[in-house]
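See below for the structure under consideration.
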């Protein structure tokens with residue numbers, strides 16, 4: 001599964017550095033740029049966490065923290 005991820009260009013899907021399995025889906029619609037955080041459940045299910053409209057060059061830490069919290073809650077509920 002993770003070998004397949006290496007085939008997806010970073011333009012569309014990127015691993016978030018210093019996280020355990022958190023990814024960022026990148027979507028551009030016209031001049032608007034959106035980011036959706038996601039993670040994989042046993043390599044078979046993509047779980048979408050949270051998203052936001054990107055307005056700055058750097059991804060806001062607050063958004064990453066929200067996604068990591070959602071990921072942790074998901075994993076603890078399994």
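The values are calculated or read from the model by the stated rules, or taken from the named source; none is laboratory data. From a predicted model like this one, the values you see are computed outputs, not experimental measurements. Cβ coordinates were reconstructed from backbone atoms using ideal geometry, including for glycine residues, and neighbour counts include every protein chain displayed.
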Some residue of region 38-47 being touching a helix residue (DSSP H, G or I) at 6+ places or on another chain (Cβ under 9 Å), in contact (Cβ under 8 Å) with a residue 24 or more places away in the chain and not in a strand (DSSP E or B) | yes
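When you look at residue 23, is it surrounded by 13 or more Cβ atoms within 10 Å (Cβ to Cβ) and over 13 Å from the mean Cα position of the chain (by Cα), yes or no? If you could, list the steps in order and put the result at the bottom.
Details: surrounded by 13 or more Cβ atoms within 10 Å (Cβ to Cβ): yes; over 13 Å from the mean Cα position of the chain (by Cα): no.
No; evaluated as a whole, the condition is false for this residue.
Only residues that are more than 26 Å from residue 78 (Cβ to Cβ), surrounded by fewer than 13 Cβ atoms within 10 Å (Cβ to Cβ) and at pLDDT 90 or above: list them for region 34-60, please. Before you say what the answer is, go through the steps one by one.
The initial filter retains those residues of region 34-60 that are more than 26 Å from residue 78 (Cβ to Cβ), namely 34, 53-60.
Restricting the remaining residues to those that are surrounded by fewer than 13 Cβ atoms within 10 Å (Cβ to Cβ) gives 53, 55-58.
Once the filter is applied, which keeps residues that are more than 26 Å from residue 78 (Cβ to Cβ), surrounded by fewer than 13 Cβ atoms within 10 Å (Cβ to Cβ) and at pLDDT 90 or above, region 34-60 yields only 53.
Out of the residues in region 1-15 that are in a loop (DSSP other than H, G, I, E, B) and within 18 Å of residue 45 (Cα to Cα), which is modelled with the lowest pLDDT? Before you say what the answer is, go through the steps one by one.
Initial filter on region 1-15 (in a loop (DSSP other than H, G, I, E, B)): 1, 6-12.
The next check asks that each one be within 18 Å of residue 45 (Cα to Cα); those that pass are 1, 6-8, 12.
Working: 1: 51, 6: 59, 7: 75, 8: 74, 12: 84.
Top of the filtered list is 1.
Quick one: how many residues across region 41-60 are within 14 Å of residue 71 (Cα to Cα) and touching a strand residue (DSSP E or B) at 6+ places or on another chain (Cβ under 6 Å)?
Of the residues in region 41-60, 7 are within 14 Å of residue 71 (Cα to Cα) and touching a strand residue (DSSP E or B) at 6+ places or on another chain (Cβ under 6 Å).
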